[in-house]
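What follows is a short report on a single structure.
A short reminder: the numbers here are calculations on the coordinates, not readings from a lab. In this text, all values refer to a predicted model and were calculated from it rather than measured experimentally. Because the Cβ atoms are built from the backbone with ideal geometry, glycine has one as well, and the counts that use them run over all protein chains shown.
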Amino acid sequence: MISAADLPETIPVFPLPGALLLPRARLPLHIFEPRYLAMLDDALKSPQRLIGMIQPRDGSREGAPSLHAIGCAGRVTAFSETEDGRYMITLSGVSRFRVVQEVDGFTPYRRCAVNWDSFSRDTGAVEHDPGFNRDSFFRLLGRYFESEGLQTDWDSLKDAEDELLLNSLSMLCPFEPEDKQALLEAPSLSTRRETLVTLLEFALRSGGQDETMQ
């Protein structure tokens with residue numbers, strides 16, 4: 001477990017549209033581009049083994065897109081190499097960060113100076129959502145999964161704790177990158193749940209179903 005005091009001032013960043021990492025959640029990644037293989041190699045040599053996941057902004061110039069202000073850093077907790085030199089890795093979410101500025105240097109990947117001060121709860125205890133109405137939520141979620149043709153292990157979902165459930169769904173549901181960014185920036189688990197519900201309801205209405213959850 002990395003404490004807030006151990007978080008570095010500069011981290012490598014991986015701009016990947018639609019890829020969302022949240023604190024205490026896990027994100028599998030397939031690394032194959034040479035610049036990101038170099039990033040992984042350098043991250044594994046560092047004490048914290050952190051990589052910052054961040055969304056590029058829409059409309060950015062090709063080649064070096066501008067970045068959203070907030071991302072989430074994850075620690076490399078598992079990796080395996082394929083026969084052709086690619087890597088399958090797992091990032092375990094540590095804390096969100098705010099970009100201060102991009103750092104010029106000689107690495108083929110991008111690095112940013114970051115600030116962690118606004119996200120102290122990310123390195124604290126697991127969050128709970130006292131206002132979470134699970135019955136209503138699962139009815140809505142069932143309609144959404146049916147409309148999208150998605151399958152899941154419902155028993156495992158219903159047994160999951162609030163944070164694991166809501167964060168996993170935020171990461172896995174096929175929302176647009178800007179919607180993923182809104183889920184990332186939610187200041188609390190309750191706010192993330194409210195944002196997630198809004199996105200599920202909007203998806204159902206867009207699909208021709210007028211579904212709402214009270």
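Listing Lys158, Lys180 from fewest to most neighbouring C-beta atoms within 10 Å gives Lys158, Lys180. Taking only complete DSSP H runs, can you tell me which helices of the chain stretch 24 Å or more along their own long axis by Cα positions and average at least -1.0 on the Kyte-Doolittle scale? Once both thresholds are applied, what remains is 189-206.
What's the long-distance tail for segment 4-123, i.e. % of Cα pairs beyond 21 Å? Please list the in-between numbers first.
Working: 2339 of 7140 pairs.
Beyond 21 Å sits 33 percent of the P(r) for segment 4-123.
Computed 3J(HN,Hα) for segment 85-97, one whole-Hz value per residue from the Karplus formula 6.51 cos²θ - 1.76 cosθ + 1.60 where θ = phi - 60°, is x, 8, 10, 9, 10, 10, 9, 9, x, 10, 6, 6, 9, glycine and proline marked x. Loop-located chymotrypsin sites (Phe, Trp or Tyr not before Pro) in segment 84-149 (DSSP state not H, G, I, E or B) with no more than 12 neighbouring Cβ atoms inside 10 Å: Phe106. Between the C-alpha center of segment 143-210 and that of segment 34-91 there is a gap of 24 Å.
Over the chain, the reciprocal of the mean inverse Cα-Cα separation, the Kirkwood hydrodynamic radius, stands at 18.3 Å.
Measuring how big segment 134-206 is from its alpha-carbon positions, Rg and Dmax come out at 11.5, 31 Å.
Proximity of backbone amide H atoms, modeled 1.01 Å from N, is registered between Arg111 and Val13, Val103 at under 5 Å, excluding neighbours fewer than 5 places apart on the same chain. Per-residue ellipticity at 222 nm computed for the chain from its helices equals -10500 deg cm²/dmol, with DSSP H segments shorter than 4 residues left out and the rest contributing -39,500 (n - 2.57). In plain terms, the bigger the Kirkwood radius, the slower the diffusion; for segment 1-60, with that radius from Cα pairs, at 25 °C and 0.890 mPa s, Stokes-Einstein puts D at 189 µm²/s.
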